[in-house]
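The values are calculated or read from the model by the stated rules, or taken from the named source; none is laboratory data. Bear in mind the structure is a predicted one, so any value in this text is a computation, not a measurement. In this analysis, Cβ positions are derived from the backbone assuming ideal geometry, glycine residues included, and neighbour counts consider all displayed protein chains.
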Amino acid sequence: MVIREDMTFMEAVFKPMSRDKPSLPYDEFIVGWGSHPIGESERSKVGGHYFARYKFPNGKEVSVVCGQLFYSTVAAPYEVWVTNADGKGETEDPLGFQTDEDLMILLAKAIGDA
């Protein structure tokens, strides 16, 4: 099932004009952010698509994406993928439809895990 909701309002979170990094938790660990390349392709002329990439001192990395072509909605805008220090995903698939609270918990766990 594909849910198509316009996610362009999330540009203010992932590409804020008044800050030098996205308005996401633990921004000191964000190493990349902006418009997701999938949103710039010719075949994808729907809403906005954004990403942020975290890298933690323990070697874990977290990718956060948002947009109509990802598992995200207005109520639960984030799709999250956590990888271990060895580069393998903690889950088989990304975790879709994550809320702000879910994202905060996932990031806190990623920081705390050794």
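Here are the numbers for the structure shown:
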quantity	calculated
Verdict on T91 being of a type in the set (V, I, T), loosely packed, with under 13 Cβ neighbours inside 10 Å and either more than 11 Å from V65 (Cα to Cα) or in contact with a Ser or Thr (Cβ under 6 Å, 6 or more places away or on another chain) (or both)	yes
Those strands (runs of 3 or more DSSP E) lying entirely in segment 53-109 with at least 3 residues without any contact (Cβ under 8 Å) to a residue 24 or more places away in the chain	78-83
Residue match in segment 6-13 (condition: assigned to a loop (DSSP other than H, G, I, E, B) and at pLDDT below 95)	yes
Residue satisfying all of: in segment 17-31; of a type outside the set (A, V, I, L, M, F, W, C) and either in contact with a His (Cβ under 8 Å, 6 or more places away or on another chain) or in a helix (DSSP H, G or I) (or both); surrounded by the fewest Cβ atoms within 10 Å (Cβ to Cβ) among these	E28
Qualifying residue in segment 90-100 (condition: charged (D, E, K, R), more than 16 Å from V13 (Cβ to Cβ) and more than 15 Å from the chain's Cα centre (by Cα))	yes
Qualifying residue in segment 66-83 (condition: acidic (D, E), at pLDDT 95 or above and closer than 18 Å to A12 by Cβ)	no
